[in-house]
Amino acid sequence: MERTLIRELNTCVGTQVLIRGWVSVRRDQGKMVFCDVRDRSGMVQGIVLPISPAIEIAKEVTVESAVEVVGTINKRPEKNITADKQNGDIELSVESLTILNKAQTLPFDLDADLNLDTLLDNRPLMLHTERERDIFALQATVMQAYRNALIKREFTEFQAPALVGGDAEGGAAAFKVSYYNEMTAFLATSPQFYKELMVNAFERAFTIAKIFRGEKHATPRHLSELTQMDFEMGFIRDYHDVTRVLEEVVREVVVTAGEKHGGIFARFDTTLPLAPDPFPMLTLTEAQAIIRAEFKREIEDTSDMSPEDERQICEWARREKQSDFIFITGYPTKKRAFYTYEEPGKAPFSTGFDLLFRGLEINSGSQRMHDYDEMVARMQERDLDHEKFSFYLQGHKYGFPPHGGCSTGLERFTMKMLDLKNIREATAFPRDMNRIDMRLSS
Ligand code: ATP
Ligand code: MG
């Protein structure tokens, strides 16, 4: 018999079907056994009657076992209908039950409220839960919608390398890799140089890249291995061409998430993010003036946003601008990556911007330097040996147009979409100072 997906079962009343999935619930009721089964498409209530040939196996099967079930789909008696649930008006009368893999006794109830370390220690098991499925299904949609939005705007996807000869951000601590002949290579801290170089091929390029950062951060928003969704575009007039594409893309991601995963947001006790057109945009100076006035707090560092500044300006944007997103511009050039273009006539301010989402930076971008001599002079200013960047500088030597782009952290974006407290919850297999799958020390 062919397998039927559980979401199709409501069209199968009165017929015999074969399904495969996991046992979600198993409960004895008198001599009967209730056995709910779930597959990738949904859940159905199974009933094993005392006269069913499957009754002995049903008594033995454990929760989260993988099973194959044959049975007949029946309408539920009126009093047992749960109208708002998938398959709430049908049940599967089980005739045969095959255990494909019997699950061992679970170490705890999967509904239990676990602390983060216990959750992560048990991630492979926890992937059985709706909560984990929700998070990573939404994350898949974020990536897909981001990709579709850029392809629609004539961006070409490319693969950035993960092994590099030097550190692109020139500051972010890169992990060393022992390479051939006792050479040292590094894990990429950003696809920056490569996406810029791709501008000379396609004008508009993007990548969804794995990158690695070795800063000794132990915060709820930093990982050692993360995913950056990066795009870069040529022939821009100024950085606003970049922020415009970014906010259109983000709005499309939010709308798609709402369409595909309407129910998720309530399950996480949050709402679909507010993403008005346009997103509010403030300079750093304006933002900090608002924070001072509204939150009666002195600002310690006026050259950058602190985590508390990010939280408070987002609180303000939600209250006053009905937006969960806000751009901050007007950062001093010296605070930004070395390839950041200075805003013409506005020195010492740069074209760099950050996009904040529900209290956290999720994206940074800017117009980049395109002129060879200016780029070399900037490198000298920053004590960077431009000879070491000769590969990258071929872009500047051979016709880089004015260009700019930005980088969105996938895990931070997912985290904030669902209002999760820690980025590790939004990372299927997080790596940090203390963990690669299991804890690195007790
Ligand atoms: P922060 O100052 O918050 O540490 P950053 O400014 O160093 O971040 P960028 O170099 O601007 O980060 O990287 C672009 C985006 O990549 C960030 O906005 C963020 O979403 C994500 N990102 C960067 N570093 C990390 C990290 N260690 N863990 C998780 N996400 C990160
Ligand atoms: Mg940044």
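Computed from the coordinates by the stated procedures, all read-outs in this text should not be read as laboratory data. Here the structure is a predicted model, which means the values were calculated and not measured. FYI the Cβ positions are ideal-geometry reconstructions off the backbone, even for glycines, and counts take in every protein chain you see.
For a Förster distance of 22 Å, can you work out the FRET efficiency between the beta-carbons of Ala162 and Gln394, rounded to the nearest 0.05? Could you put the intermediate results ahead of the total?
Numbers: r = 21 Å, r/R0 = 0.95.
Efficiency for this residue pair is about 0.55.
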Cα-derived Rg over Rh, computed across the chain with Rh taken as Kirkwood radius: 1.07
Extension gain (nm, one decimal) between Ile151 and Val13, 0.36 nm per residue minus Cα-Cα: 45.4 nm
In nm, spacing of pseudo-spin labels at Glu259 and Lys335 (7 Å Cα→C-beta vector): 3.8
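Exceeding 21 Å between C-alpha atoms, which entries from my cross-link table qualify? They are Lys152/Lys195; Lys31/Lys59; Lys334/Lys421. Don't skip to the end; give the middle numbers.
On the way: Lys152/Lys195 18 Å; Lys31/Lys59 10 Å; Lys334/Lys421 31 Å.
Pairs exceeding the cut-off: Lys334/Lys421.
Given a Förster distance of 22 angstrom, what is the FRET efficiency for Thr302 paired with Arg382, based on the Cβ-Cβ distance and rounded to 0.05? All intermediate terms of the calculation are to be shown ahead of the outcome.
Details: r = 22 Å, r/R0 = 0.98.
That pair, Thr302 with Arg382, gives E of 0.50.
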Under 21 Å from Lys296, Cα to Cα: lysines that are on another chain or at least 8 residues apart: Lys321
Cα centroid of segment 5-39 to Cα centroid of segment 324-353, whole Å: 58
At R0 = 51 Å, FRET efficiency that the Cβ-Cβ distance of Leu100 and Lys346 yields, to 0.05: 0.20
Residues in segment 303-325 that a label on Arg292 would reach, taking backbone N under 13 Å of a point 7 Å out along Cα→Cβ: 303
Extended-chain gain in nm, criterion 0.36 nm per residue less alpha-carbon gap, Arg123 and Gln144: 5.2 nm
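I'd like the trypsin sites (Lys or Arg not before Pro) in segment 100-133 restricted to DSSP loop residues with at most 16 other Cβ atoms within 10 Å, sorted by number. Intermediate values should be presented prior to the final figure.
Numbers: sites: Lys102, Arg131, Arg133; in loops: Lys102.
Sparse-neighbourhood loop trypsin sites (Lys or Arg not before Pro): Lys102.
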C-alpha center-to-center spacing [segment 363-442, segment 54-100] in angstrom: 50
Residue range of the chain that is longest and free of GluC sites (Glu not before Pro) which are both DSSP loop and sparsely packed (at most 10 other C-beta within 10 Å): 3-153
Label point 7 Å beyond Cα of Glu130 along Cβ direction - residues of segment 1-37 with amide nitrogen under 16 Å: 7, 22-26, 36-37
Antiparallel content of DSSP bridges confined to the chain, in %, to 5: 90
Low-density loop cleavage sites - trypsin sites (Lys or Arg not before Pro) in segment 392-427, where at most 11 other Cβ are within 10 Å (DSSP): Lys421
Estimated [θ] at 222 nm from DSSP helical runs (n ≥ 4, -39500 (n - 2.57)) normalised by residues in the chain, nearest 500: -8500 deg cm²/dmol
Cross-link reach list, lysines versus Lys85, counting only Cα pairs under 16 Å and skipping chain neighbours closer than eight places: Lys75
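May I ask you to compute the full-extension gain from Ala428 to Phe268, defined as 0.36 nm times their residue separation minus their alpha-carbon distance, rounded to one decimal in nm?
Values: separation 160, 0.36 × 160 = 57.60 nm, distance 1.72 nm.
Gain in length upon complete extension: 55.9 nm.
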